[in-house]
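Accompanying notes for the structure given below.
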């Protein structure tokens, strides 16, 4: 029986007079890959930033359930605690790696809190005593595990900025996984990947799900979304317009209308949405 | 052929600019006539020579630019420097330890060594904040002042000696580091620089104006010199002095040498702690902070604590150095803690290559050693110094050693080129 992992209640985010996310509610189930899709400017990334603590929502609640019935309000936690206590990790639409540090170092930084706890306020580790050495060894082992999973083990000692684009995307996922999350939020993980890399990404995401971590992803690439998602939420103008399995979404007239801008003649954004939609609906239909 | 015309045109343009600039400065001369009136005479020959030299220099520069040998990739150069650097660091250490032991060495050189070491230590301290954490701090002298005045006041009011006050000075400076850190946590880049600059000035102005506590501009004098297990270094000799205990003649060099080894030990402590911290989560978090603050936050790193520890630890070493400065000078006044000190230390860090310990040590030797050794050259001293600095920054824009050494590796450690490493935006 699937249980709820993440619940959004009437989440609203306003920037001055602009309401980017308007009373958004949905649930993501444990062990699921949940996708959030929608035209550009629909409020996907804003909702993401609220979940991961980069924005404080204007109103509404975000709850994560580490155990059934024991909710933790993410929007009450300070920003850095979302990863630590909330165990929600994220990646960024425009990749944010520590470019001047090696691939391995990137993964070590991700395990900062566990390692720091083993240093005895830094003093013991400076003197070379205490359990820091063992903790560092364990951290390297975990980093190795994710390097192997993301096929980056050969580049472990290279600076992150020297990796090709696709490898940087994978490294960002590996780094997020090193924080040991229960929910991994991916902001357009397939953007800029070629078809082969995109397939490899699908496999990686499925592998992560098998490992017990649930996923929440924003994606434009319908090839990725339709193939691997268990559950899709469609946003438009900051509101949820559809919620269901890939099959239901594919046949939902409101979704197609949102992408094509049909049935909403007065909408000034419609022509833009239309041009955008063509590139999106095509693979959407192909996937059928 | 097209190149030649282009070069000629370019050189002519530069010569024209030179003509405009040199015209009033060299071409015209103001003088006194016998009757006491001012006269204006022209010097066309000198002006022609200056403009001609500019033209030729520009021409040669363009020729060199066109025909210079192909540069090998930057990383190879860096690799070569690193390899020699492996030898340079131990060699420098041996030189540093052996300097006062050279027979017949003048006291001047040991004293210069003390001065350079003080700046090496300050540079290493600031390197934690600027080089590792990427937080631009223009007010580092504040912590130096806090350390110096802590010791001066404690010794004056509570009769405490150097060794008791050293840790207290460091602690107080660290507290001020945290105190400064709090308001500037949200600031970045230029804004951070301005607030830290102001903080440095505030400390100096408070010291200057709080006459009842600090003596104001008159400063504090008769600060005790450090003792060696209770032995003092007095020129008068007598019981309880170093010379009396070891049955040697008292010389000023004994005290200078002792001071030299104290600051050497303090500087090496700074270096050791920094190198150890770099390989720890805290040091990695500092460097990650320099690379990308937002990514750090998404990984659950507490930015506030990480920044505050960088400020506190950097300030602590500044405080140690200040305490040493007070004991060495035996007299301190607010004049010693002006903005130019912060600028010098920051210049040392930037010139050495932010983040590099060896680079900072080399830069301190250049920045402090060259002006001191060139004293015989009188007015040309600062000119040569300035040209040297500009040349270094043109040849090595990211400092002497701009590469980064990874803190952990699976296989062979590969050095990271400067072009990958971020400078930090505060």
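The values are calculated or read from the model by the stated rules, or taken from the named source; none is laboratory data. Because the structure is predicted, anything quoted here is derived from the model rather than measured. Note: ideal-geometry Cβ built from the backbone for every residue, glycine included; neighbour counts use all protein chains shown.
A few remarks follow.
- Within the stretch A:1-14, the residues that satisfy the criterion of being at pLDDT below 90 and out of contact with any strand residue (DSSP E or B) (no Cβ under 6 Å at 6 or more places or on another chain) are A:1, A:3.
- Of the numbered criteria (1) out of contact with any helix residue (DSSP H, G or I) (no Cβ under 8 Å at 6 or more places or on another chain); (2) surrounded by fewer than 18 Cβ atoms within 10 Å (Cβ to Cβ); (3) at pLDDT 90 or above, the one residue A:206 fails is (1).
- Enumeration of residues in the stretch B:354-402 that are outside any helix (DSSP H, G or I) and at pLDDT below 85: B:354, B:355, B:378, B:379, B:396, B:397, B:398, B:399, B:400, B:401, B:402
- Filter result (out of contact with any strand residue (DSSP E or B) (no Cβ under 8 Å at 6 or more places or on another chain), surrounded by 18 or more Cβ atoms within 10 Å (Cβ to Cβ) and assigned to a loop (DSSP other than H, G, I, E, B)) within the stretch A:146-163: A:150, A:152, A:163
Here's the yes/no breakdown for (1) under 19 Å from the mean Cα position of the chain (by Cα); (2) not in a helix (DSSP H, G or I):
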site: B:275; (1), (2): yes, no
site: B:283; (1), (2): no, no
site: B:289; (1), (2): no, no
site: B:295; (1), (2): no, no
site: B:301; (1), (2): no, yes
site: B:304; (1), (2): no, no
site: B:307; (1), (2): no, no
site: B:323; (1), (2): yes, no
site: B:327; (1), (2): no, no
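- Screening B:251, B:214 for residues that are touching a strand residue (DSSP E or B) at 6+ places or on another chain (Cβ under 9 Å) and away from chain A (no Cβ under 14 Å) leaves exactly one candidate, B:214.
- Members of the stretch B:1-16 that are surrounded by fewer than 13 Cβ atoms within 10 Å (Cβ to Cβ) and either touching a helix residue (DSSP H, G or I) at 6+ places or on another chain (Cβ under 6 Å) or more than 11 Å from residue B:55 (Cβ to Cβ) (or both): B:1, B:2, B:3, B:4, B:5, B:6, B:9
- Scanning the stretch B:403-422 for residues that are assigned to a loop (DSSP other than H, G, I, E, B), under 23 Å from the mean Cα position of the chain (by Cα) and facing chain A (nearest Cβ under 7 Å) yields B:421, B:422.
- Subset of the stretch B:303-345 (residues that are free of Cβ contacts under 8 Å to residues at least 60 places away in the same chain and within 14 Å of chain A (Cβ to nearest Cβ)): B:305, B:309
- Residue in the stretch A:50-80 that is surrounded by the fewest Cβ atoms within 10 Å (Cβ to Cβ), counting only those that are at pLDDT 85 or above and at the interface with chain B (Cβ under 10 Å from one of its Cβ atoms): A:54
- Inclusion of residue A:33 among residues that are at pLDDT 90 or above and surrounded by 22 or more Cβ atoms within 10 Å (Cβ to Cβ) is warranted.
- The condition of being out of contact with any helix residue (DSSP H, G or I) (no Cβ under 9 Å at 6 or more places or on another chain) and not assigned by TED's automatic domain parsing to the domain that holds residue A:36 holds for only one of A:114, A:172, A:148, that being A:148.
- Selection from the stretch A:8-49 of residues that are more than 18 Å from the chain's Cα centre (by Cα) and within 14 Å of chain B (Cβ to nearest Cβ): none
- Complete set of residues in the stretch B:161-181 that are over 25 Å from the mean Cα position of the chain (by Cα) and more than 14 Å from residue B:222 (Cβ to Cβ): B:163, B:164
- Count - residues of the stretch A:98-114 that are crowded, with 22+ Cβ neighbours inside 10 Å and within 7 Å of chain B (Cβ to nearest Cβ): 10
- Test result for residue B:136, within 25 Å of residue B:360 (Cα to Cα) and outside any helix (DSSP H, G or I): yes
- When B:240, B:300 are checked against the criterion of being on the phi > 0 side of the Ramachandran plot and within 14 Å of chain A (Cβ to nearest Cβ), B:300 stands alone in meeting it.
- Yes/no for residue A:166 being more than 9 Å from chain B (Cβ to nearest Cβ), out of contact with any helix residue (DSSP H, G or I) (no Cβ under 7 Å at 6 or more places or on another chain) and surrounded by 15 or more Cβ atoms within 10 Å (Cβ to Cβ): no
- Check on residue A:136, part of a helix (DSSP H, G or I) and under 27 Å from residue A:195 (Cβ atoms): no
- Of everything in the stretch A:118-145 that is at the interface with another protein chain (Cβ under 9 Å from one of its Cβ atoms) and loosely packed, with under 14 Cβ neighbours inside 10 Å, the residue that is farthest from residue A:168 (Cα to Cα) is A:127.
- Screening the stretch B:148-259 for helices (runs of 4 or more DSSP H) wholly inside it with 2 or more residues that are surrounded by fewer than 15 Cβ atoms within 10 Å (Cβ to Cβ), in the same structural domain as residue B:115 (by TED's automatic domain parsing) and touching a residue at least 12 places away in the same chain (Cβ under 8 Å) returns the ranges B:162-184, B:189-209.
- Residue among B:104, B:85 that is in the same structural domain as residue B:191 (by TED's automatic domain parsing), in a loop (DSSP other than H, G, I, E, B), modelled with pLDDT under 90 and out of contact with any strand residue (DSSP E or B) (no Cβ under 9 Å at 6 or more places or on another chain): B:104
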